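Take a look at the structure set out below.
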Amino acid sequence: MFFFKRDKPSEAMVLFGNVATIGMQLVVATFIGLAMGYYLDEWLGTKPWMLIIFLLLGIITGFRDVYREAMRLQRGADEQSAGPSGPGSDGAKGGPGRQGK
Amino acid sequence: MAAGLAHPLTYSVILDQQLGLHLPPHVYYMWLAMIILFTCGFILRGRLQLVPGGLQNLFETVIGGLEDFVVLNIGEEGRKVFPFLCAMFIFILVMNYIGLIPGCDAATANVNTNAAMAISVFVYYNYIGIKKWGFGYIKHFMGPVIFLAPLMLILETVSHLARPLSLTLRLFGNIRGEEIVLVLLFILAPVLGTLPMYFLFILGKTIQAFIFFMLTMIYLKGSLEHAH
C-alpha cells in the first residue's frame, strides 16, 4: 500500500506532510501578530503603534518558524542519508539514501 | 457536498427534518464517524485474537505503524501521549473519508470541527508540558539567551498561538476544497468525472489526516523535550 510500507507511514507521506506545513506558518504567524496588535491597540488606546510593532514581530516569527522547520527537515534528511550507508561511509557515498527523491 | 451551491440534499438534511433538532450537518457526520469508530472498537474488543485477521489486522497495522513512528520521533515518552495522537488520526481519517460517500459531507469541511480539535491539541500539549516541567515550562518560551528573553517571550507566544490557527485552516481548506471540487465535477460530468478524482482525494484526505497527526506529534515533542 502507498500509505503504510512495512508497517510504517511511508516516506512519501512524511515528506509531503513536512513540506505542506511550511508555507502556512509564515502566513498564519503574520496574521496572529496583526490580530494581537489590533486588539492591544483597542485595549490600550495607542492607535497605530502596537499594530505596527506586533505586525513586524509576527513577520519575524513567521520567518523564524520557517527557518527552524527547514533546519529540522535538513537534520532529518542528514540522519536518513547517514543511516542506511552506515556512520563510517557518509563521506564517499552519502548520496544513496536520498536517491529516490 | 459543498454548502452554498443551492442547498445540496445530504442525508443529514433529511435526518434533521425527521428529528427536528436544527443541528448543522457537520455535527451529524461527526456523530456518524463516532458511531463507526465505537462500533469497530466494541466488535474488536469482543473477539481479540492472537493471530489477527481481517479488521483486527487492519487496525493493528495502522496503530502499530503509528506507534513505532511516534516512538521513533519522541522516544519512549511517546507511548504516554500516543493514545491521544492515534485517536486524532483515526477520527480525522474517518471523518474525511465520510465526505467521499455520495450524499454525505466531511465533518472536517467545516471550520468549527477543526477549530475544536486544534484547540484541544493546543491545550493538551501545553498541559503535558506543564505537567512535566512545572513552572520551568516557561523556559521553552524564553530562548537560549537571557537578555533576549522578553523579546523571545513575545515571539514564542505569537508562534504558539499560530499553531492551532494553522492546524485549523490547513485541514479546513484542503477538505472543503476537495468537497467543492467533487460537487463541481459531478455537475460537469456526473459519475464519470468524479471517479478519477476519488483516487486523488483518498490520497489527499489521508495525507491531511496524517499532517494533523504529525504536527500534533511535533508540538508534543517540543513540549516534552528539554528547553534548549
Exercise for the section: Answer yes or no: is there a residue in segment B:125-136 that is closer than 19 Å to A:Gln25 by Cβ and modelled with pLDDT of 90 or more. Expected result: yes
Fill in the blank from the handout: Expected output for segment B:197-208 (first residue facing another protein chain (nearest Cβ under 9 Å), partner open to solvent by 50 Å² or more (accessible area, probe 1.4 Å) and modelled with pLDDT of 90 or more, Cβ below 8 Å, 6+ apart or cross-chain) is B:Gln208/B:Asn174
Problem - Number of the exception - B:Ser223 against (1) more than 11 Å from every other protein chain (Cβ to nearest Cβ); (2) among the polar types (S, T, N, Q); (3) more than 27 Å from B:Glu77 (Cβ to Cβ) - result: (3)
Handout entry: Long-range neighbours under 7 Å by Cβ, at least six apart or interchain, first residue within 14 Å of chain A (Cβ to nearest Cβ) within segment B:43-61, second open to solvent by less than 60 Å² (accessible area, probe 1.4 Å)
Key = B:Phe59/B:Leu44; B:Glu60/B:Pro52; B:Thr61/A:Phe4
Exercise for the section: Please state which of the following conditions B:Val183 fails to meet, knowing it meets all the rest: (1) touching a Leu at 6+ places or on another chain (Cβ under 8 Å); (2) more than 14 Å from chain A (Cβ to nearest Cβ); (3) more than 18 Å from B:Tyr29 (Cβ to Cβ); (4) of a type in the set (A, V, I, L, M, F, W, C). Expected result: (3)
Handout entry: Residue in segment B:103-122 that is over 20 Å from A:Ser10 (Cβ atoms) and more than 16 Å from the chain's Cα centre (by Cα) present
Key = yes
Problem - Selected residue (only one of A:Gln74, A:Gln80, A:Gln99 is surrounded by 12 or more Cβ atoms within 10 Å (Cβ to Cβ) and at pLDDT below 90) - result: A:Gln80
Exercise for the section: Specify the residue that is nearest to B:Thr206 (Cα to Cα); the eligible residues are those in segment B:56-86 that are open to solvent by 60 Å² or more (accessible area, probe 1.4 Å) and outside any loop (DSSP other than H, G, I, E, B). Expected result: B:Leu58
Problem - Identity of the residue in segment A:15-39, within 7 Å of chain B (Cβ to nearest Cβ), modelled with pLDDT under 85 and within 12 Å of B:Leu215 (Cβ to Cβ), that ends up most open to solvent (accessible area, probe 1.4 Å) - result: A:Ala20
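Conditions (1) over 19 Å from A:Leu57 (Cβ atoms); (2) aliphatic (A, V, I, L, M); (3) surrounded by fewer than 18 Cβ atoms within 10 Å (Cβ to Cβ), marked per residue:
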| site | (1), (2), (3) |
| --- | --- |
| B:Pro144 | no, no, yes |
| B:Thr157 | no, no, yes |
| B:Gly173 | yes, no, yes |
| B:Glu178 | yes, no, no |
| B:Leu184 | yes, yes, yes |
Practice task
Run down B:Gly143, B:Gly103 and say which single residue is part of a loop (DSSP other than H, G, I, E, B), on the phi > 0 side of the Ramachandran plot and within 14 Å of another protein chain (Cβ to nearest Cβ).
Solution key: B:Gly143
Practice task
Filter segment B:186-201 down to residues that are aliphatic (A, V, I, L, M) and within 14 Å of B:Ile101 (Cα to Cα) and give me whichever is least open to solvent (accessible area, probe 1.4 Å).
Solution key: B:Met197
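The values are calculated or read from the model by the stated rules, or taken from the named source; none is laboratory data. These numbers were taken from a predicted model, which means no experiment stands behind them. Cβ coordinates were reconstructed from backbone atoms using ideal geometry, including for glycine residues, and neighbour counts include every protein chain displayed. Just so you know, the surface numbers come from the protein's heavy atoms only, side chains and all, with ligands and any DNA or RNA stripped out. Shrake-Rupley method; radii C 1.70, N 1.55, O 1.52, S 1.80 Å.
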